[in-house]
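Working notes, structure below.
The values are calculated or read from the model by the stated rules, or taken from the named source; none is laboratory data. This is a predicted model, so every value here is computed, not measured. Ideal geometry is used to build each Cβ from the backbone, glycine not excepted, and the neighbour counts take in all protein chains shown.
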Amino acid sequence: MQKDNKNDILLELKDYSISFRTPEGEVKAVSNMNLTVRRGERIAIVGESGSGKSQTFLGIMGLLAKNGRTSGQALLDGRDVLALKPRELDHVRGKEMAMVFQDPMTALNPSLKISRQLTEQLEVHRGFTARAASAEALDMLKRVGIPDPTRRFNLYPHELSGGMRQRIVIAMALLTKPKLLIADEPTTALDVTIQAQILDLFNDLTSEMNTALVMITHDLGVVAGLADRVAVMYAGRIVEEAPVDELFDNPAHPYTAALHAAIPRPDQDVDELVVIPGRPPNLQHLPRGCSFSPRCPKAEDDCIDQSPRLALMAPQHCAACFHPFPRIEELLTHG
């Protein structure tokens, strides 16, 4: 979408697709995606469950289910990670790119103390001795805000609260100083106060370490103070992409506008929450035209017959829609 200096690009997806073989036929979870992530940038990938946002990055990490298949290219620092052999990918995964999952218990081994799970990262990926790894891991626990880190260093995961377990997982991901950190719904299972703390933590640590952050979320509201740029996904495709302020001020795609309208507003009294009518489409039987057309209040005949491509709406802002919402400036100019 945006002209990038090649040296600034950390991750580049080119015609990237993911499909799954099932007894009922092939399911295309991600379709011909093109996306760039720059060094130190914070980008949010937003969409409902089933939109393909998590699968996009599980594919890059080599963590798809056995029936999953990727195609296209995923260039990390110019190297196609999709073409790497398993052992080569193991070297890249954890050291150059890392992932924080929604449920920290899926990322932590319940039978190992926190200390071993942290120090192993440093010993394997950075060649630390056991003593040096322990010192570095304890320092990272302090940086992610774990109270009394020396005592908690030797606890098991079940002995920690959900918020502390999530901080441990973030510490594990950051210990190897990856160039790219992928956070998949990292605050969904946490209460609102802890959510805010975790988002602040991502903000501070990625800025400090110049780590690029990809935040995967279904909640457009959580990205406002964190992301530099937002890509909105629907039915396996990016339907809108823009800098975060531009996206909030001028949502062009009806799906983005609907997500925006569904954000609860503390300054407004409402009788009931706004919801998007209907359900996401079956990926095995997508509509012929725009995938959002069955749920879209602006759909017309061309939306039903043809699939729109991403088109430039304004500098750095594109959307895949035949009938996008006008920009605020246009409304003011034309009344």
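Working carefully through the options ASP103, ASP80, ASP90, find the one that is buried (at least 16 other Cβ atoms within 10 Å of the Cβ), on the phi < 0 side of the Ramachandran plot and of a type in the set (Asp, Glu).
Details: ASP80 fails: buried (at least 16 other Cβ atoms within 10 Å of the Cβ); ASP90 fails: buried (at least 16 other Cβ atoms within 10 Å of the Cβ).
It is ASP103.
Yes/no matrix, rows are residues, columns are (1) assigned to a helix (DSSP H, G or I); (2) touching a Cys at 6+ places or on another chain (Cβ under 6 Å); (3) surrounded by fewer than 22 Cβ atoms within 10 Å (Cβ to Cβ); (4) assigned by TED's automatic domain parsing to the domain that holds LYS28:
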residue: SER207; (1), (2), (3), (4): yes, no, yes, yes
residue: ALA227; (1), (2), (3), (4): no, no, no, yes
residue: GLU240; (1), (2), (3), (4): no, no, no, yes
residue: LEU247; (1), (2), (3), (4): yes, no, no, yes
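Just to be sure, is ASP191 of a type outside the set (Lys, Arg), outside the structural domain of ILE45 (by TED's automatic domain parsing) and surrounded by fewer than 23 Cβ atoms within 10 Å (Cβ to Cβ)? Walk me through how you get there before you give the answer.
Working: of a type outside the set (Lys, Arg): yes; outside the structural domain of ILE45 (by TED's automatic domain parsing): no; surrounded by fewer than 23 Cβ atoms within 10 Å (Cβ to Cβ): yes.
No, not satisfied.
As an exercise: evaluate GLY145 against (1) of a type outside the set (Val, Ile, Thr); (2) in contact (Cβ under 8 Å) with a residue 24 or more places away in the chain; (3) at negative phi and give the number of the one condition it does not meet.
Of everything listed in (1) of a type outside the set (Val, Ile, Thr); (2) in contact (Cβ under 8 Å) with a residue 24 or more places away in the chain; (3) at negative phi, GLY145 misses just condition (3).
May I ask you to list the residues in the range 64-84 that are under 27 Å from GLU24 (Cβ atoms) and of a type in the set (D, E, K, R)?
Across the range 64-84, the qualifying residues are LYS66, ARG69.
Of all residues being under 19 Å from the mean Cα position of the chain (by Cα) and of a type outside the set (Ser, Thr, Tyr) in the range 5-27, which is farthest from LEU58 (Cα to Cα)? Just the residue, please.
Step by step, filter the range 5-27, then rank; the result is ILE9.
Six or more apart or on different chains, Cβ under 6 Å: which pairs go from a residue in the range 301-316 that's within 14 Å of LEU247 (Cβ to Cβ) to one that's of a type in the set (S, T, N, Q)? Could you list them?
GLN316/GLN2
From the list LEU122, LEU75, LEU82, which one is in a helix (DSSP H, G or I), more than 20 Å from PRO186 (Cβ to Cβ) and at pLDDT 95 or above?
Answer to the check: LEU82.
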